Amino acid sequence: MKQKNDLVVVTPSMLGDYINPTPTPLDKNQSFSGLSEVSWLKSAVAGTGGVAPGEFATLDTQNRAFQRERVASLDFEVKILHTILGNDYKSVPEIHMRVKRKDNVWKIQIIDGQQRVMAILRFLDDKFCLPSNFIINTGETNVNLGGMNIRDLKDKEPAMYNRIINYGVRCRWYENLSDEETSDLFTELLNNVTGMKPQEIRNAVLGPVSTYVRDKVRPIGSMPLHPLFARMTLNPGTTKEKQVMNLFNISLGGRMEMDEWLTELIYLKSVSFREGIKGQTHLTEWWKDVQRNGIYKNGFTDKKKIDSLLNLAHEVLVAANVSYANKMNSMKSLMLVLYADELKSKYGKIIAGTYVKKFFEVYEKWDSPDQVVAAIKGGITQLNGSVLPEFNKLFNGKNANAVGTICTILDHEFSKDPEGFGIIVIDPNDTFSDTQKHQKWIEQGKTDYYTGLPLDYADAAGDHYIPRSWGIKMGGVTETHNLVITSIANNLKKSNMGGDEFKQLLRMEKFSEEVCS
């Protein structure tokens, strides 16, 4: 790792000005140095010419790994501009830059200072005006810049405009940092005194799962929004404006609360749901390890599995919001989703509405002091042997004891009434054997069961007369007595309809054709 210990003053220059990050240019193959044309504060990504003919630099101000969720307020941006224009003892704090060279491209990445840079960028790009009370004391007089945008400033107060353009920002440069070193620099050195929450630290871990969480919870641009993470804005345009989640009762404070929920879901699904979370520090270390040295080092190999889990979560939480919206905090929603996932994985299918109703019947039953007393008399304890409390108190933590005790009680109730939890036991065998299909085709006289028309075996498909998706109890088994032979086209058309229903559909279609003819 090479760090340029010399602090270099860089101005927010227009195209054509130069950044000289080292006092003495080094060999271009070893260090970012010499003349690199960069549109420093004019454009977020720019650069032509550069270190040598044919080379150029790009400036990345928007790496989301090094961003807080909460967007810098207009007040913050105005204060940055007041610092620049005030020209007094205050200055914009130094900015930390990572420099990587690949082929003929120098990539300059802002590790710390994105919001400071963007405050100036946004004003130069005419994204906001100065407030009405924006007054600068030049030492000789007060200059009222209230209400001015960048064009007004350039036309009416060119001296102030030039202060912005020529303002020096101190930068510290880091060369050849690995992703791991860059993440650690951001979280352990640059932000160790600014109260970073554990999830904000995990967000800065560069890797495929961190990217997945960010993009799934807080998509930008043309990225699709998963409906599970849909938000709405209350009291828009007022001082009481705030965002809330559609399906969660989780307060949003701009500190990656929903990123944390998805991170914990991934951890519990990947490691062991019933063992809970050993603490935020443990979770962070696991998050780093699986992306730097572990199973997700070369890609998020469990993406499809987690995508499927999120679809189930959406189905379950939509059902839960009908009657239990106020209970959808982080712990209850995680338990609700992950226990449903266990049942679905074991039995094949789950009816979300039935499951949710039963889950909260169990919750209310075991939250009763009388039930707790009866359970204690019956020798039921927490997983760690402690006295069993009311059920709601178990949802105050995500450790192994809390999660394990909740699951034990749910298991106890499930054993007494499996169907009450909405499970549909699916036959694990999903296809008929070639022998079964051929024999049935012969028995049917080599005809399509539903149409009676001749059917070549090459176009024959084995169909569950009672759909397998209806479950074993309803007769949806992969056994000969539930097998009929039809054409591939009819098999696809029937989909999850019952055999009787499909025959009725074909009769209606035939009748319509005869009437029309």
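Matching residues to (1) assigned to a loop (DSSP other than H, G, I, E, B); (2) buried (at least 17 other Cβ atoms within 10 Å of the Cβ); (3) outside the structural domain of residue 78 (by TED's automatic domain parsing); (4) within 30 Å of the chain's Cα centre (by Cα):
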| position | (1), (2), (3), (4) |
| --- | --- |
| 127 | yes, no, no, yes |
| 131 | yes, no, no, no |
| 153 | no, yes, no, no |
| 167 | yes, yes, no, no |
What pairs can you find where one residue is in the range 246-269 and farther than 22 Å from residue 209 by Cα and in contact (Cβ under 8 Å) with a residue 40 or more places away in the chain, the other is surrounded by fewer than 22 Cβ atoms within 10 Å (Cβ to Cβ) and among the β-branched types (Val, Ile, Thr), and their Cβ atoms are less than 7 Å apart, with a gap of 6+ or different chains? 247/318
Does the range 225-241 include one or more residues that are in the same structural domain as residue 289 (by TED's automatic domain parsing), within 28 Å of residue 111 (Cβ to Cβ), of a type in the set (Gly, Ala, Ser) and exposed (fewer than 13 other Cβ atoms within 10 Å of the Cβ)? no
Looking at (1) out of contact with any helix residue (DSSP H, G or I) (no Cβ under 6 Å at 6 or more places or on another chain); (2) hydroxyl-bearing (Ser, Thr, Tyr); (3) in contact (Cβ under 8 Å) with a residue 24 or more places away in the chain; (4) surrounded by fewer than 19 Cβ atoms within 10 Å (Cβ to Cβ), which is the one condition that is false for residue 480? (1)
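Does residue 93 fit the bill of being surrounded by fewer than 16 Cβ atoms within 10 Å (Cβ to Cβ) and closer than 30 Å to residue 184 by Cα? So that I can check it myself, show each step before the final result.
Values: surrounded by fewer than 16 Cβ atoms within 10 Å (Cβ to Cβ): yes; closer than 30 Å to residue 184 by Cα: yes.
So residue 93 fits the description; yes.
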Which residue out of 85, 145, 74 is among the aliphatic types (A, V, I, L, M), surrounded by 14 or more Cβ atoms within 10 Å (Cβ to Cβ) and either assigned by TED's automatic domain parsing to the domain that holds residue 243 or within 27 Å of residue 220 (Cα to Cα) (or both)? 74
Identify the single condition in (1) modelled with pLDDT of 90 or more; (2) among the acidic types (Asp, Glu); (3) closer than 15 Å to residue 111 by Cα that residue 152 does not satisfy, given that it satisfies every other one. (3)
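Which of the helices (runs of 4 or more DSSP H) found entirely inside the range 363-432 contain at least 3 residues meeting this: within 27 Å of residue 345 (Cα to Cα), in contact (Cβ under 8 Å) with a residue 40 or more places away in the chain and of a type in the set (A, V, I, L, M)? Don't jump to the end; show me each part of the working.
Details: elements: 369-377, 391-394, 400-416.
Once the helices (runs of 4 or more DSSP H) in the range 363-432 are filtered for at least 3 residues that are within 27 Å of residue 345 (Cα to Cα), in contact (Cβ under 8 Å) with a residue 40 or more places away in the chain and of a type in the set (A, V, I, L, M), what remains is 400-416.
Out of 473, 503, 510, which single residue is outside the structural domain of residue 348 (by TED's automatic domain parsing), part of a loop (DSSP other than H, G, I, E, B), modelled with pLDDT under 90 and out of contact with any Asp or Glu (no Cβ under 6 Å at 6 or more places or on another chain)? Give the derivation first.
On the way: 503 fails: part of a loop (DSSP other than H, G, I, E, B); 510 fails: part of a loop (DSSP other than H, G, I, E, B).
When all the criteria are applied, what remains is 473.
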Output the qualifying pairs, or none if there are none: Cβ atoms under 7 angstrom, residues six or more apart or on different chains, first residue in the range 172-186 and buried (at least 22 other Cβ atoms within 10 Å of the Cβ), second residue assigned to a helix (DSSP H, G or I) and of a type outside the set (Lys, Arg). 186/66
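Can you work out which of the residues in the range 483-500 that are part of a loop (DSSP other than H, G, I, E, B) and either polar (S, T, N, Q) or over 39 Å from the mean Cα position of the chain (by Cα) (or both) is surrounded by the fewest Cβ atoms within 10 Å (Cβ to Cβ)?
Taking the range 483-500 and keeping what is part of a loop (DSSP other than H, G, I, E, B), we get 495-498.
With either polar (S, T, N, Q) or over 39 Å from the mean Cα position of the chain (by Cα) (or both) added as a condition, the list becomes 495-496.
On the way: 495: 9, 496: 11.
Residue satisfying both the conditions and the ranking: 495.
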Has the range 443-454 got any residue that is part of a strand (DSSP E or B) and surrounded by 14 or more Cβ atoms within 10 Å (Cβ to Cβ)? yes
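Can you confirm whether the range 307-325 contains a residue that is farther than 30 Å from residue 473 by Cβ, surrounded by fewer than 19 Cβ atoms within 10 Å (Cβ to Cβ) and out of contact with any Asp or Glu (no Cβ under 7 Å at 6 or more places or on another chain)?
Going residue by residue through the range 307-325, those that are farther than 30 Å from residue 473 by Cβ are 325.
Now restrict to residues that are surrounded by fewer than 19 Cβ atoms within 10 Å (Cβ to Cβ): 325.
Next, only the ones that are out of contact with any Asp or Glu (no Cβ under 7 Å at 6 or more places or on another chain) stay: 325.
The answer is yes, given that some residue of the range 307-325 is farther than 30 Å from residue 473 by Cβ, surrounded by fewer than 19 Cβ atoms within 10 Å (Cβ to Cβ) and out of contact with any Asp or Glu (no Cβ under 7 Å at 6 or more places or on another chain).
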Selection status of residue 341, within 24 Å of residue 230 (Cβ to Cβ), in contact (Cβ under 8 Å) with a residue 24 or more places away in the chain and in a helix (DSSP H, G or I): yes
Give the residue that is farthest from the chain's Cα centre (by Cα), with candidates limited to residues of the range 374-388 that are within 17 Å of residue 364 (Cα to Cα) and surrounded by 15 or more Cβ atoms within 10 Å (Cβ to Cβ). 375
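The values are calculated or read from the model by the stated rules, or taken from the named source; none is laboratory data. Predicted, not measured: the structure shown is a model, and the values here were computed from it. Note: ideal-geometry Cβ built from the backbone for every residue, glycine included; neighbour counts use all protein chains shown.
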